[in-house]
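S.K.: One structure follows; several queries about it will come next.
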Amino acid sequence: MAATRVLVLNSGSSSVKYQLIDMREARGRRRLAVGLVERIGEQTSRLRHTPRDGGTRETTGVIADHDAALKAVAAELARDGLGLDSPDLAAIGHRVVHGGMSFTEPTVIDDTVLAEIERLIPVAPLHNPANLIGIRTARALRPDLPQVAVFDTAFHTTMPESAARYALDTETADAHRIRRYGFHGTSHAYVSRATAQLLGRAPEDVNLIVLHLGNGASASAVRAGRCVDTSMGLTPLEGLVMGTRSGDLDPAVIFHLMRVGGMSADEIDTLLNKKSGLIGLCGDNDMREILRRRGEGDERAKLAFDIYIHRLKKYIGAYYAVLGHVDAVAFTAGVGENAAEVRAAAVAGLEELGLAVDAGRNAVRGDEPRLISPEGSRVAVAVVPTDEEWEIATQTYALVGKDG
Ligand SMILES: Nc1ncnc2c1ncn2[C@@H]1O[C@H](COP(=O)(O)OP(=O)(O)O)[C@@H](O)[C@H]1O
Ligand SMILES: CC(=O)OP(=O)(O)O
Ligand SMILES: [Mg+2]
């Protein structure tokens, strides 16, 4: 019998999300187990594991690093008879955040691929190291199994040079491979297709603005199924205001902090990646908490929200102009899928562009793609839940399941 299961690992800077998926099962049954390890490296790490046919199990305690996290995940899977030693496992699919210019497709991992992911650490310092540990640990546990890397950058490689190049000295930029790469591509690709489907049209027939608003956040302009611009750049720091990242700022802020503030490059890196964005503005990076505080009249939370929305609105306007014609704006990821107030505020005042949100539709919660614009709107506004893990599993299986 062919092996039909794929284990997907999405290793973040301090977390690992995972799913064991059976590619041949019906939609509602295919997730055999899902889980999340949080706060890796802290005193209060937590593993939450939910097998399809059983309740959620939660373990707390110190999980020192990503290697330990993955071994704990393997042990949880084994408790449900879904261990990594199973002959039903066809492959392990890894989300890899930065693939540079080298990878435009899902790729079976060998030593050369590993070396390239390692070389790209300086341009994805929060993400690629965690991705590498995930790959190495998984390889050690199942050396015989194909491991596939699915890159966040891949979907964005279609961007024209006019969008991908910074206005930097060309030789310097080329020598250091400095350009806009873009991230969250697996999500932008999945959501683009799902949005076209929601509209009842082919992906090649629609122009979309996709807003992936999670802890990290990015916007993309998608013309006829291909990315033509995106808000993240050389690294996942550029663009929208995020949970802990600043997004866009004047690059001179950095020299100023060095020369006048006496900060080192590493200190500024930490400041911009981990202590800025929503958490830097108001002390919270969780949008739920910010909405609650704002509802109670907290001024700092209100300002953080306003700055977040202002930036989002600027990108909607910019990508509207880039595309010339927009069929739909799609909101996705933790904030985009859940925060009705964010969606309403982001399109408020854009009626002249044909954009509006119907309050009743916007208030509906659910896991399915849905329209939230009023009937007959010129531009559809939609909530389209992302599914990076399913997309990674599909791409992984397509690559290795051929002779399986
Ligand atoms: N009900 C909700 N209302 C508002 N924001 C929410 C809600 N649920 C989750 N979020 C936001 O989603 C964020 C996480 O999104 P997610 O896409 O899971 O991010 P990541 O993959 O980067 O960890 C949280 O930081 C939180 O702010
Ligand atoms: C690339 C990126 O920002 O990813 P995440 O949102 O998972 O941090
Ligand atoms: Mg995410």
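The values are calculated or read from the model by the stated rules, or taken from the named source; none is laboratory data. The structure presented is a predicted model; accordingly, all values stated were derived computationally and were not measured. Every residue, glycine among them, receives a Cβ derived from its backbone with ideal geometry; neighbour counts consider all protein chains shown. What goes into the accessible areas is simple: the full protein's heavy atoms, side chains included, and nothing from ligands, DNA or RNA. Shrake-Rupley method; radii C 1.70, N 1.55, O 1.52, S 1.80 Å.
S.K.: Can you tell me which residue in segment 355-404 is nearest to the chain's Cα centre (by Cα), limited to those that are within 22 Å of F183 (Cβ to Cβ) and hydroxyl-bearing (S, T, Y)?
M.R.: T386
S.K.: Could you go through segment 316-338 and let me know if any residue there is open to solvent by 50 Å² or more (accessible area, probe 1.4 Å), closer than 30 Å to L281 by Cβ and away from ligand 2 (no atom under 16 Å from the Cβ).
M.R.: Residues of segment 316-338 that are open to solvent by 50 Å² or more (accessible area, probe 1.4 Å), as a first pass: 321-322, 324-325, 338.
From the residues that got through so far, the ones that are closer than 30 Å to L281 by Cβ too are 321-322, 338.
Narrowing the set further to residues that are away from ligand 2 (no atom under 16 Å from the Cβ) leaves 321-322.
Yes, segment 316-338 contains at least one residue that is open to solvent by 50 Å² or more (accessible area, probe 1.4 Å), closer than 30 Å to L281 by Cβ and away from ligand 2 (no atom under 16 Å from the Cβ).
S.K.: Kindly indicate which of A164, A202, A175, A138 is more than 26 Å from T386 (Cβ to Cβ), away from ligand 2 (no atom under 16 Å from the Cβ) and out of contact with any Pro (no Cβ under 8 Å at 6 or more places or on another chain).
M.R.: A175
S.K.: OK, next. Take segment 152-161 and flag every residue that is part of a loop (DSSP other than H, G, I, E, B) and among the acidic types (D, E). If you could, list the steps in order and put the result at the bottom.
M.R.: Start the filter on segment 152-161 by keeping residues that are part of a loop (DSSP other than H, G, I, E, B), which leaves 152-153, 159-160.
Hit for segment 152-161 is D152, nothing else.
S.K.: Which members of segment 190-213 meet the condition of being within 16 Å of ligand 3 (Cβ to nearest atom) and touching a strand residue (DSSP E or B) at 6+ places or on another chain (Cβ under 6 Å)?
M.R.: V191, V210, L211, H212, listed by residue number.
S.K.: Report, ordered by the first and then the second residue, all pairs with beta carbons closer than 8 Å, sequence separation of six or more or different chains, a first member in segment 105-120 that is touching a residue at least 12 places away in the same chain (Cβ under 8 Å), and a second member that is surrounded by 19 or more Cβ atoms within 10 Å (Cβ to Cβ) and among the hydroxyl-bearing types (S, T, Y).
M.R.: P106/T396; V113/T107
S.K.: Let me ask another. Within segment 111-151, work out how many residues are assigned to a loop (DSSP other than H, G, I, E, B) and open to solvent by 70 Å² or more (accessible area, probe 1.4 Å). Write out each step before concluding.
M.R.: So in segment 111-151, the residues assigned to a loop (DSSP other than H, G, I, E, B) come out as 120, 124-127, 142-146.
Restricting the remaining residues to those that are open to solvent by 70 Å² or more (accessible area, probe 1.4 Å) gives 143-144.
Within segment 111-151, residues that are assigned to a loop (DSSP other than H, G, I, E, B) and open to solvent by 70 Å² or more (accessible area, probe 1.4 Å) number 2.
Each row is one residue, and each column tells you yes or no for (1) in contact (Cβ under 8 Å) with a residue 60 or more places away in the chain; (2) of a type outside the set (V, I, T); (3) touching a helix residue (DSSP H, G or I) at 6+ places or on another chain (Cβ under 8 Å).
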residue	(1), (2), (3)
S13	yes, yes, yes
V16	yes, no, yes
I21	yes, no, yes
E25	no, yes, no
R39	no, yes, no
G61	no, yes, no
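S.K.: Residues of segment 214-234 being among the hydrophobic types (A, V, I, L, M, F, W, C) and in contact with a strand residue (DSSP E or B) (Cβ under 9 Å, 6 or more places away or on another chain), which ones?
M.R.: Looking only at segment 214-234, we keep the residues that are among the hydrophobic types (A, V, I, L, M, F, W, C), and these are 217, 219, 221-222, 224, 227-228, 232, 234.
Answer for segment 214-234, where residues must be among the hydrophobic types (A, V, I, L, M, F, W, C) and in contact with a strand residue (DSSP E or B) (Cβ under 9 Å, 6 or more places away or on another chain): A217, A219, A221, V222, A224, C227, V228, M232.
S.K.: Report, ordered by the first and then the second residue, all pairs with beta carbons closer than 9 Å, sequence separation of six or more or different chains, a first member in segment 274-289 that is on the phi > 0 side of the Ramachandran plot and in the same structural domain as H127 (by TED's automatic domain parsing), and a second member that is open to solvent by less than 50 Å² (accessible area, probe 1.4 Å) and not in a helix (DSSP H, G or I).
M.R.: From segment 274-289, no pairs qualify.
S.K.: Of the residues that make up segment 185-208, is at least one in contact (Cβ under 8 Å) with a residue 40 or more places away in the chain, surrounded by 19 or more Cβ atoms within 10 Å (Cβ to Cβ) and more than 17 Å from A382 (Cα to Cα)?
M.R.: Yes, because at least one residue in segment 185-208 is in contact (Cβ under 8 Å) with a residue 40 or more places away in the chain, surrounded by 19 or more Cβ atoms within 10 Å (Cβ to Cβ) and more than 17 Å from A382 (Cα to Cα).
S.K.: Any residue at all in segment 365-382 that's in a helix (DSSP H, G or I), away from ligand 1 (no atom under 14 Å from the Cβ), at negative phi and of a type outside the set (A, V, I, L, M)?
M.R.: Kept after step one, since they are in a helix (DSSP H, G or I), are these residues of segment 365-382: none.
No, segment 365-382 contains no residue that is in a helix (DSSP H, G or I), away from ligand 1 (no atom under 14 Å from the Cβ), at negative phi and of a type outside the set (A, V, I, L, M).
S.K.: Can you tell me which residue among T112, T137, T104 is over 20 Å from M232 (Cα atoms), of a type in the set (S, T, N, Q), outside the structural domain of V210 (by TED's automatic domain parsing) and touching a helix residue (DSSP H, G or I) at 6+ places or on another chain (Cβ under 6 Å)? Reasoning before the result, please.
M.R.: Numbers: T112 fails: touching a helix residue (DSSP H, G or I) at 6+ places or on another chain (Cβ under 6 Å); T104 fails: over 20 Å from M232 (Cα atoms).
The unique qualifying residue is T137.
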